[in-house]
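In what follows, a single structure is set out as structure tokens and then discussed.
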Ligand SMILES: [Zn+2]
Ligand SMILES: [Zn+2]
């Protein structure tokens, strides 16, 4: 189990490094000037914020690796619903099982995320994730270690309830990572049709999750907007309005536009200052 934890932690970390690093390079280096219009925040995230996000993501990778090793152990002992014979359920089921896994994870994430915004939990744990109203792609795994442990419990729920082929589990984990990075990208890369089409609107975008970081409330889900729609916690802003998020001194303007108080980053003490704390319970 120890060796598996080390190996899986490395795999989780390299996967994070590839997706976060790749998308960071694409948006903030290679296409930096060409993609100005896609930017959500005016200012790029500070080095201090990115260092904080990276540090906690490394710790989370080890926790996710431990959880993966535990699931592997349970699988080897025949205690999970994971199956090896792909033809047993076929391709249509494989696609369906991927969707069900995402739905279960989204539900688990939404409700644990709502709990983490209760002030006590927020102060003790979740503020680590909200280190900046203007996060970077490196924030994908930036959680307090206890929060990372709580968040990783979707894994046992899935392996005990959804018959799944290992290849589908791997695709699911890749999607989980890349979508987590996209949510914190600071760039809106999805085409405009994602914001017009009724079905595509249900897929969470960088703009959607930026609202969560900017106001410390709304848009709690991970993949789909459905739980936020159902619980009336969804709030959408156009990225041109949201772009003001990175600009110092225009908070009153953003407040006038939305009626909400945005969070401001205090460059000197962002780790201890979280003024706009709201809960929807
Ligand atoms: Zn949050
Ligand atoms: Zn976030």
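Treat the count of other C-beta atoms within 10 Å as a stand-in for reagent exposure and order 102, 1 from fewest to most. Show your work: numbers first, answer last.
Working: 102 18, 1 10.
Taking fewest neighbouring Cβ atoms as first place, the list is 1, 102.
Averaging sequence separations of C-alpha pairs under 8 Å and six or more residues apart, then dividing by the length of segment 2-258, give the relative contact order as a whole percent.
Numbers: 370 pairs, mean separation 71.1, N = 257.
That works out to 28 percent.
Based on the alpha carbons, how large is the Rg to Rh ratio for segment 114-207 when Rh follows Kirkwood?
On the way: Rg = 15.5 Å, Rh = 15.3 Å.
Rg/Rh for segment 114-207 comes to 1.01.
Among 27, 142, 18, which comes first, then next, by fewest other beta-carbon atoms within 10 Å?
Details: 27 21, 142 28, 18 14.
So the ranking, lowest neighbour count to highest, is 18, 27, 142.
Would any residue of segment 6-20 have its amide N under 14 Å from a label point 7 Å out along Cα→Cβ of residue 58? List them or say none.
Under 14 Å, as judged by backbone N against the label point of residue 58, lie 10, 13-14, 17 of segment 6-20.
Would you please classify the overall shape of segment 2-258 from the alpha carbon gyration tensor, given that a ≥ b ≥ c denote the square roots of the eigenvalues, rounded means a/c under 1.5, and beyond that prolate means a/b larger than b/c while oblate covers the rest? Please list the in-between numbers first.
Numbers: a/c = 1.75, a/b = 1.56, b/c = 1.12.
It is prolate, given that a/c is not under 1.5 and a/b is the larger ratio.
Work out how much length residue 231 to residue 79 would gain on full extension: take 0.36 nm times their residue separation and subtract the Cα-Cα distance, in nm to one decimal. Before the final figure, lay out the partial values.
On the way: separation 152, 0.36 × 152 = 54.72 nm, distance 3.48 nm.
Going from the current span to full extension adds 51.2 nm.
If you scale each eigenvalue of the Cα gyration tensor by 5 and take the root, what three semi-axes come out for segment 55-130, rounded to whole angstrom and sorted largest first? Walk me through the intermediate numbers first.
Values: eigenvalues 198, 61, 22 Å².
They are 31, 18, 10 Å, listed from largest to smallest.
Under the rule a/c < 1.5 gives rounded, and otherwise a/b versus b/c splits prolate from oblate, where does segment 155-219 land using the Cα gyration tensor? Write down the numbers at each step before the final one.
On the way: a/c = 2.23, a/b = 1.80, b/c = 1.24.
In terms of gyration-tensor shape, prolate.
Where the centroid of each part is defined by its Cα atoms, how far is segment 152-225 from segment 61-138 in Å?
Here the answer is 11 Å between Cα centres.
Could you line up 141, 54 from fewest to most neighbouring Cβ atoms inside 10 Å?
Working: 141 27, 54 18.
Placing the least packed residue first, the sequence is 54, 141.
What would the Debye formula give as log10 I(q)/I(0) at q = 0.15, 0.23 Å⁻¹ for the alpha-carbon point model of segment 1-123, no solvent?
Here log10 of I(q) over I(0) equals -1.09, -1.29.
Run the simple label-point estimate for residue 175 and residue 193 please: 7 Å along Cα→C-beta, distance reported in nm.
Roughly 1.9 nm, to one decimal.
Can you compute the FRET efficiency between residue 123 and residue 25 using 1/(1 + (r/R0)^6), with r the Cβ-Cβ distance and R0 = 25 Å? Round to the nearest 0.05.
On the way: r = 34 Å, r/R0 = 1.38.
According to the calculation, E is roughly 0.15.
Quick note: the coordinates plus some simple rules give every number you see, no bench work behind them. From a predicted model like this one, the values you see are computed outputs, not experimental measurements. Don't worry about glycine lacking a Cβ; one is built from the backbone with ideal geometry, like all the others, and counts go over all protein chains shown.
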